[in-house]
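The values are calculated or read from the model by the stated rules, or taken from the named source; none is laboratory data. Quick caveat: nothing in here was measured; it's all calculated off a predicted structure. Quick reminder, even Gly has a Cβ in these numbers, built from the backbone with ideal geometry, and neighbours come from all protein chains shown. Note: accessible area is taken over every heavy atom of the protein model, side chains too, but ligands, DNA and RNA are not part of it. Shrake-Rupley method; radii C 1.70, N 1.55, O 1.52, S 1.80 Å.
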Amino acid sequence: MTANGMSRRDFIKAGGVAGGALCLSFVLPDGGKFASAAEAKPAIPAPNAFVRIERDGGVTIVSNKSEMGQGIYTSLAMLIAEELECDWSRVKVVSAPVAAIYGHTVFHLQITGGSTSTLSSYAQYRKIGAAARDMLIAAAAKRWKVPAGQCRAENSRVVNNANGVSLSYGELTEAASRLPVPDSVELKPRHRWQLLGTRVHRVDGDEKLDGSAQFSIDVRLPGMLTALVARCPSYGGKPKSFKADAAKAVPGVKDVFAISNGVAVVADGFWPAKKARDLLEVEWDRGANAGLDSSRLRDDYRALGAKPGQSYKQSGDAEAALAGAAKRLEAWYELPYLSHSPMEPLNCVVWLKPGGCEIWSGTQSQTIDAGMAAAMAGLKPEQVSLHTTLLGGGFGRRAVPAGADWLKEAMEVAKRHGQGAPIKLVWTRDDDLAGAYYRPMWLDRVRGGIGKDGKPVAWLQTGVGQSIISGTPFAPMMVKNGIDAVSVEGTDDMPYALPAVALDLHTSQTPLPVLWWRSVGHSHSAFSKECFIDELARLARQDPVAYRLALLGKAPREQGVLREAAKMAGWGRKLPKGHGLGAAVHSSFGSHVAQVMEVAVKGKELKVVHVWCAVDCGVVVNPDQVAAQMEGSVMFGLSAALFGEITFKDGEVEQKNFDGYPIVRMFQAPKVDVSIIASEEAPGGTGEPAVPPAAPALANALHAATGTRLRALPLSRHGYQVV
């Protein structure tokens, strides 16, 4: 099994005879045109656009979701293969070209994000597999002149039940391709599943291990040139003037010129381009962010947090309930700007040709990026071919609502250079940290009170942070009455029994670009919610897990994962001196995750010893991938909670690379145990839901170990050395 890229042109050509194999009619319903996905919404998408069966029995499945390490190529293939009854060992996966039929079933764009890939494709891909199966059975029945009900599909063959005679899928594919797509299909019941719900090796695993997997950084084309851009040290600044004599003298440099946000250097390779860029002398107009300073920003946020913001949820009279509480508590939680920092640096290849443009990019948003490129090139959408490569990590960074910033630069360079050569534009990691999009800095002021029985009587919360959605094409759908839905997700639907609630928001107007970061608003809302409920439990002198369980009476799935994580961790057991256990539970993207974390603290040395993670994500397609997503998310969330912080001084980002923006290293990584709750509920997301509980579980564990409550992340800010 392999995962390979395929161009739209190659893809359509494959509709005929390809390599001696007849295919299941690869003719796209819209002729491959780039169009609104809303124009292509059949009850069952044409299976021939999603699956190809070759004469030798090989099966190629087309993924309309980007593979960025989350394993979606494998999950989507399993959905089709289960219903198609095909030989799994002969399955491979290719990325889809840009076309309306590949639009997301919810977002109606070709896009990957929001932990929606499996849940949005679950029914669609199964129906496609079932439709292809029924078409193959119908073709066999027609050849044998028997009723279709007399035949069954089994391991890439159709079998005549009456006499045991069979035909391979390869023998039937041409005839099947001439049959109409069925209007409806019968999906296999759960008890007949053979593939779904089992631990399946990833289709892209082997080639990533042996280094043959192709990311956009690996693309090599004849005559290709490499471009780097010098950008203003303070975000949003522009070049006023520059001297390029020394840069142009570097062997291999082809051109140096200004583009809209910097100065581009084009050379015959990365290193001459980098060397030349370092020699540029640029005078910058440093723009509105020239004086940006993190300490002043924090002061500004604190000033805002002290005032009432715009109300978005109110139940009961929270102020009165707080005034009458037996005990009261106020806490301020602070979270910094964060970088996505995908392991593969941002890059793409653009090849402008007469009447067309080809792009190779690891993108999460094909529709938007291809549309932007077409507009910039003055081309019709169908004249742009975007090849989606594997992504070396995304975390939201490669899904820019306005179009990928690195692709925009590449288009500018390709248009200006004008020699018809392919242009590979590369951002170094320093570039990405210094001038990218960030997870918004956030502040929550939370006030609460408990009654004589220790139960909460009031919860009042004021949030301060930038809107990710305002000003983007998603704003009409996701910003209502000035409230960005992702700013308040995770607080507007708290599962705890709270008799009086008042929630409000200040949307700050800081002129910095912000973007969805893995788990988006939940990444900050879970921290304040799960730390404050822990603090209320301590205020009530009650066990934090028991306290939560008592308040989750109307949230049985949250109760279930919390009980499971606590059981796994041996919650309540006697711990060694300096050790502490912390718990957190949070729901997001249709899934529910609880974590219990054990830390060991000696002076300022902090070790995260063990993490127990329980997840209820509904029906599970591949338990291995769910476990891997939980484990990876724990490390991602821990990296941010322990070290993650983007700060500004005199307008410039202070962190330059991974030495200043660390992630958890192997020796610092805790053991992680994952338990998946059996469920018949609809599938939820798994790529993000385990990130939000990590930070509060860690902070709560640190408090349990030391008695010190830290409310500002990262913990390294407080002098802790992680061992």
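It is to be established whether one or more residues within region 296-307 are in contact (Cβ under 8 Å) with a residue 40 or more places away in the chain, open to solvent by less than 50 Å² (accessible area, probe 1.4 Å), out of contact with any Ser or Thr (no Cβ under 6 Å at 6 or more places or on another chain) and on the phi < 0 side of the Ramachandran plot. Yes, some residue in region 296-307 is in contact (Cβ under 8 Å) with a residue 40 or more places away in the chain, open to solvent by less than 50 Å² (accessible area, probe 1.4 Å), out of contact with any Ser or Thr (no Cβ under 6 Å at 6 or more places or on another chain) and on the phi < 0 side of the Ramachandran plot. Looking across region 347-394, the residues that are assigned to a loop (DSSP other than H, G, I, E, B), open to solvent by less than 10 Å² (accessible area, probe 1.4 Å), touching an Asp or Glu at 6+ places or on another chain (Cβ under 8 Å) and not polar (S, T, N, Q) come down to GLY362, LEU391, GLY393.
Taken together, GLU688, GLU680 contain a single residue that is open to solvent by less than 50 Å² (accessible area, probe 1.4 Å), in contact with a helix residue (DSSP H, G or I) (Cβ under 9 Å, 6 or more places away or on another chain) and part of a loop (DSSP other than H, G, I, E, B), which is GLU688. Could you go through region 289-306 and let me know if any residue there is more than 30 Å from the chain's Cα centre (by Cα) and among the acidic types (Asp, Glu). Yes: region 289-306 contains one or more residues that are more than 30 Å from the chain's Cα centre (by Cα) and among the acidic types (Asp, Glu). All conditions in (1) at pLDDT 95 or above; (2) open to solvent by less than 40 Å² (accessible area, probe 1.4 Å); (3) touching a helix residue (DSSP H, G or I) at 6+ places or on another chain (Cβ under 6 Å) hold for ILE663, with the sole exception of (2). Quick check on this structure: which one of LEU433, LEU443 is assigned to a helix (DSSP H, G or I), surrounded by 18 or more Cβ atoms within 10 Å (Cβ to Cβ) and at negative phi? Answer to the check: LEU433. Just one of the listed residues (VAL653, VAL599) is crowded, with 24+ Cβ neighbours inside 10 Å and within 30 Å of SER234 (Cβ to Cβ), and it is VAL653. Of all residue pairs spaced 6 or more apart or on separate chains, those with beta-carbon atoms under 7 Å, a first member in region 371-383 that is closer than 21 Å to VAL400 by Cα and a second member that is of a type in the set (Lys, Arg) and not in a helix (DSSP H, G or I) are ALA374/LYS380. When you look at GLU154, is it of a type in the set (Asp, Glu) and at pLDDT 95 or above, yes or no? In short, yes. Taken together, the residues in region 467-487 that are buried (at least 23 other Cβ atoms within 10 Å of the Cβ) and polar (S, T, N, Q) amount to 1.
Filtering region 198-208 for residues that are open to solvent by less than 20 Å² (accessible area, probe 1.4 Å), in contact (Cβ under 8 Å) with a residue 60 or more places away in the chain and among the polar types (S, T, N, Q) leaves an empty set.
Within the option set SER75, SER120, being farther than 16 Å from ASN155 by Cα, surrounded by 24 or more Cβ atoms within 10 Å (Cβ to Cβ) and among the hydroxyl-bearing types (Ser, Thr, Tyr) holds for one residue only, SER75. When the test is whether a residue is touching a residue at least 24 places away in the same chain (Cβ under 8 Å), under 24 Å from ALA434 (Cα atoms) and in a strand (DSSP E or B), ALA258 does not pass it. Of the candidates GLU330, GLU358, the single residue that is within 30 Å of ALA537 (Cβ to Cβ), in contact (Cβ under 8 Å) with a residue 60 or more places away in the chain and of a type in the set (Asp, Glu) is GLU330.
So which residues in region 473-497 are farther than 19 Å from SER365 by Cα and assigned to a loop (DSSP other than H, G, I, E, B), if there are any at all? Within region 473-497, ASN481, GLY482, GLU489, GLY490, THR491, ASP492, ASP493, MET494, PRO495, TYR496, ALA497 meet the criteria.
A quick yes/no check of all residues on (1) free of Cβ contacts under 8 Å to residues at least 60 places away in the same chain; (2) surrounded by fewer than 19 Cβ atoms within 10 Å (Cβ to Cβ); (3) within 23 Å of the chain's Cα centre (by Cα):
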position	(1), (2), (3)
PRO495	no, no, no
TRP517	no, no, yes
HIS524	no, no, yes
SER528	no, no, yes
CYS531	no, no, no
ALA540	no, no, no
ALA555	no, no, no
GLN559	yes, no, no
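Scanning region 494-512 for residues that are of a type outside the set (Gly, Ala, Ser) and modelled with pLDDT of 95 or more gives MET494, PRO495, TYR496, LEU498, PRO499, VAL501, LEU503, ASP504, LEU505, HIS506, THR507. Restricting attention to region 571-596, the residues being surrounded by fewer than 24 Cβ atoms within 10 Å (Cβ to Cβ) and among the hydroxyl-bearing types (Ser, Thr, Tyr) number 0. Could we say that ASN161 is over 20 Å from THR60 (Cβ atoms), at pLDDT 95 or above and open to solvent by 40 Å² or more (accessible area, probe 1.4 Å) here? Yes: the conditions hold for ASN161. Does LEU329 meet the test of being modelled with pLDDT of 95 or more and surrounded by 20 or more Cβ atoms within 10 Å (Cβ to Cβ)? Here the answer is no, as LEU329 does not meet what is asked.
Within region 164-186, being within 37 Å of the chain's Cα centre (by Cα), open to solvent by 20 Å² or more (accessible area, probe 1.4 Å) and of a type in the set (S, T, N, Q) holds for SER177, SER184. Does ARG518 satisfy being on the phi > 0 side of the Ramachandran plot and part of a loop (DSSP other than H, G, I, E, B)? Judged against the criteria, ARG518 is not a match.
Quick grid of which residues meet (1) β-branched (Val, Ile, Thr); (2) part of a loop (DSSP other than H, G, I, E, B); (3) open to solvent by 10 Å² or more (accessible area, probe 1.4 Å); (4) touching a strand residue (DSSP E or B) at 6+ places or on another chain (Cβ under 7 Å):
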{"residue": "ILE217", "(1), (2), (3), (4)": "yes, no, yes, yes"}
{"residue": "GLY223", "(1), (2), (3), (4)": "no, yes, yes, no"}
{"residue": "VAL229", "(1), (2), (3), (4)": "yes, no, no, yes"}
{"residue": "PHE242", "(1), (2), (3), (4)": "no, no, yes, yes"}
{"residue": "ALA246", "(1), (2), (3), (4)": "no, no, yes, no"}
{"residue": "LYS254", "(1), (2), (3), (4)": "no, no, yes, yes"}
{"residue": "ALA264", "(1), (2), (3), (4)": "no, no, no, yes"}
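Residues of region 455-472 that are assigned to a loop (DSSP other than H, G, I, E, B) and farther than 20 Å from ALA540 by Cα: GLN466, SER467, ILE468, ILE469, SER470, GLY471, THR472.
Pull up region 42-76, narrow it to residues that are within 23 Å of PHE636 (Cβ to Cβ), of a type in the set (S, T, N, Q) and part of a loop (DSSP other than H, G, I, E, B), then point me to the one that is modelled with the highest pLDDT. So the residue we want is SER66.
Residues in region 124-151 that are in contact (Cβ under 8 Å) with a residue 24 or more places away in the chain and surrounded by fewer than 20 Cβ atoms within 10 Å (Cβ to Cβ) were compared, and the one that is nearest to ALA81 (Cα to Cα) is GLN124. Under the condition of being in a loop (DSSP other than H, G, I, E, B) and either in contact (Cβ under 8 Å) with a residue 60 or more places away in the chain or not polar (S, T, N, Q) (or both), the residues counted in region 86-118 number 18.
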